[in-house]
1. Quick one: angle between helix 27-42 and the longest Cα principal axis of the chain, in degrees between 0 and 90, rounded to 10, please.
2. From zero up to wherever the largest Cα-Cα distance of region 69-157 sits, split into 10 Å bins and tell me the percent of pairs in each.
3. Which is the longest stretch in the chain that no exposed loop site breaks, taking sites as trypsin sites (Lys or Arg not before Pro) with a DSSP loop state and at most 14 other Cβ atoms within 10 Å?
4. Taking a temperature of 37 °C and a viscosity of 0.692 mPa s, what whole-number D in µm²/s does Stokes-Einstein yield for region 133-175 with Rh from Kirkwood over alpha carbon pairs?
5. For labels at residue 11 and residue 177 in the simple 7 Å Cα→Cβ model, what's the distance in nm?
6. Kirkwood hydrodynamic radius of the chain from all distinct Cα pairs, in Å?
7. Could you grab the relative contact order for the chain? Cα pairs under 8 Å, six or more apart, rounded to a whole percent.
8. Can you check what the Kirkwood hydrodynamic radius comes to for region 23-81, Cα pairs only, in Å to one decimal?
Amino acid sequence: MAVLPIIRMGHPTLRRAADPVPDPTAPEVRRLAADMIDTVLAADGVGLAAPQVDRSVRVIVLDIPAERLREEDGEPAEAQGPEVLVNPVLEPLDGPERGAVGWEACLSIPGLVGAVPRWERLRFAGVDLDGREIVGEAHGFHARVLQHEVDHLDGILYPQRMTDLSLLMFADELERQAEAESVEGDI
Ligand code: NI
């Protein structure tokens, strides 16, 4: 188990489609997934895709604390992880339009955040490290993280999904604005 270096926007591995994993039960896949979990925990992230550690294969890990889901969705929720999904596939449940806009950050684009339209609800499918089929439904922030990570497997970073690039910001500027607004709101 090891914390792996995370590559950043501009690296060619982040721009290409990753290869399907022929055998999700292979020991090297288990090793990669364990290292990815170590890496996402060390980086305090909520998700990581294998291309971000320069491995062009279709593996993602999610680790979303329950309090983060509550914060984002404003409703009680159970923690989602750490969870490994091999060869994940997503299917929207609310039509082809990506109608839910929310803030996202990416460990491969440090310091920035952007407002990204995503599907609100989706069905996901994939395989775990024992080769078992996993299927489920996700909504809100869980669905957003799944879409963000699966996009990595297709060589897509969140700014490419944005429809208003004026909402691509430095995270500390957004925080400063939010603080200013909450002060205004208190007066
Ligand atoms: Ni990312």
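The values are calculated or read from the model by the stated rules, or taken from the named source; none is laboratory data. What you see is a predicted model, and the numbers here were worked out from it, not measured in a lab. Don't worry about glycine lacking a Cβ; one is built from the backbone with ideal geometry, like all the others, and counts go over all protein chains shown. Only protein heavy atoms, including side chains, enter the accessible area calculation; ligands, DNA and RNA are left aside. Shrake-Rupley method; radii C 1.70, N 1.55, O 1.52, S 1.80 Å.
1. Between helix and principal axis, roughly 20 degrees.
2. The calculated distribution, bin by bin, is 15, 48, 33, 4.
3. Here the longest run is 17-131.
4. Result for D is 266 µm²/s.
5. Between residue 11 and residue 177, the simple spin-label model gives 2.9 nm.
6. After inverting the mean inverse Cα-Cα distance, the result is 17.1 Å.
7. Relative CO of the chain lands at 23 percent.
8. Evaluated over region 23-81, this radius sits at 12.4 Å.
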